[in-house]
Amino acid sequence: SASASSCGGKTDTACICHAPRRMFPVLGSSARNSRRLFMKQSQKRDFMGAAADRPLAKQSLGQNFLSDEAAARRIVASLHCYGDGGGQVIEFGPGQGALTKHLHPLYPKMTALEIDQRMIAILERDMPSLRVERADMLKVDLQALADERGGALSIISNTPFYLTSPFVFKLLGAANCVEQAVITMQLEVAEKLLSSPQTKQYGIISVMSQLFGRPERQFDIGSESFSPPPKCCVSVMRLHPTAVPRGSSEPFSAAQRSQLLALLKMAFEQRRKMMRQTLKKLLPDAAVTPPESWLNLRPEQMPPEQFVELAGMIFGDEDGDGEAHIASNPVYASWKSHKAGWTAIEPRASDRRGDSSVDGSGDGSRDSCDREASAAQERL
């Protein structure tokens, strides 16, 4: 056999040809990969050992704590903030402080916003000089926070996966007060943000992020780098929110943004139908009738810039928010653009940042949020 000829027919287990498979790392059989795997596992054990006395992750909050020191340093290095002490640096969901312990020495004036009181206690114990506040990441008024911190925010977050899509929309809608955001997300969601037309992943979040977020993929992280490990790979993405859509020279108003999102919602709910069929209720009142060639396209065939032009043709200079067109159709009657964080709404008193009434259910029940987010991400 090939094995026997390569080792002279010996069957000693010291021979690499006949050694048990379990002696070799899953990443490969080379000595280089063996060393890398050993170093990574050793590093992870040291990192987790330091956190052995800390509370376990709460499934209800979607917590997956980063347990890879090297990955934590790389995520922090992806945030490019130049200012006096990092007063505009905001970390959402610091958890046990995997990122915070690298961020805080670089940006001593940073703020950490956490909803889990157990984690707040840990952060206050380990980093007494850190500014920590209790808050729900989807309910924070980013404009008020930027005004308070004296400038546009630089956001970083190991984001709970079930909050990824609404948090991305919240960031995209905060172009006036967010300069950049470095966030973790499921690999499949990252691929949706970057996907091109005529692909299965292309959808609402693809169009909106490419128009208003300039998404950049930094690097990927394996599930083994988290505790507990998620059932997916993770990507680190950087966003640069802007009010000027790609390919345009003028910023979009809040009404224009809402109209565009309403149009995308209608189109991608029926992604396999031609735009002629999807828009038949809007075409009679359109400011400008779209070209015939456009109406023969399916939404998945249209690049982001074309949707901007199409929204201008349909809605013109109308001041409305586009939601009336959707509400007239029972399929969309319950949808409002602010549910995705795109249209700003006045928070209730109990929702304001740092309010003492916020508790573990502040992100919403995990069960209900999981169901809603899973369905939303399928649509997006």
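Of note:
- Taken along the Cα-to-beta-carbon direction at a fixed 7 Å, the label points for SER223 and ASP285 span 4.8 nm.
- Debye, to nearest 20: dipole size of segment 77-166, +1 on Lys, Arg Cβ, -1 on Asp, Glu Cβ: 180 debye
- Global form of segment 154-208, assessed from the alpha-carbon gyration tensor, a/c cut-off 1.5: oblate
- Cα→Cβ-extended label distance, 7 Å offset, between THR199 and GLU133, nm: 3.8 nm
- Distances between placed amide hydrogens fall under 5 Å for LEU297 paired with MET275, ARG276, all partners being 5 or more residues away or on another chain.
- Computed FRET value (nearest 0.05) for ARG276 with GLN117, which takes r as the C-beta separation and R₀ as 56 Å: 0.55
- ARG272 sits with roughly 150 Å² accessible to a 1.4 Å probe, with DNA, RNA and ligands left out of the calculation.
- Accessible area per residue in Å² at 1.4 Å probe, computed on segment 119-209: 33 Å²
- Across segment 151-163, coupling constants 3J(HN,Hα) worked out from phi with the 6.51/-1.76/1.60 Karplus curve, θ = phi - 60°, read x, 4, 8, 10, 9, 9, 6, 8, 6, x, 4, 6, 10 Hz, and Gly and Pro carry x.
- Sorted largest first by accessible area at a 1.4 angstrom probe radius, with every protein chain in place, the residues THR199, THR289 fall in the order THR289, THR199.
- Under the convention that each Lys and Arg Cβ holds +1 and each Asp and Glu Cβ holds -1, the size of the dipole of segment 115-230 around its Cα centre is about 180 debye.
- Dipole axis of segment 181-262 (+1 Lys, Arg; -1 Asp, Glu on Cβ), positive-most option in ALA262, VAL189, VAL207: ALA262
- Simple spin-label estimate for CYS233 and ARG73 gives 2.3 nm between the two label positions (7 Å along the Cα-to-Cβ direction from each Cα).
- GLU305/ASP126 FRET efficiency (R0 51 Å; Cβ-Cβ; nearest 0.05): 0.60
- Accessible-area composition of segment 147-215, carbon plus sulfur, in percent [1.4 Å probe]: 43 percent
The values are calculated or read from the model by the stated rules, or taken from the named source; none is laboratory data. Keep in mind that what you see is a predicted model, and the values were worked out from it rather than measured. Note that we place each Cβ from the backbone using ideal geometry, even for glycine, and neighbour counts take in every protein chain shown. The protein model used for the area step is the full one, side chains on, heavy atoms only, and it has no ligands, DNA or RNA in it. Shrake-Rupley method; radii C 1.70, N 1.55, O 1.52, S 1.80 Å.
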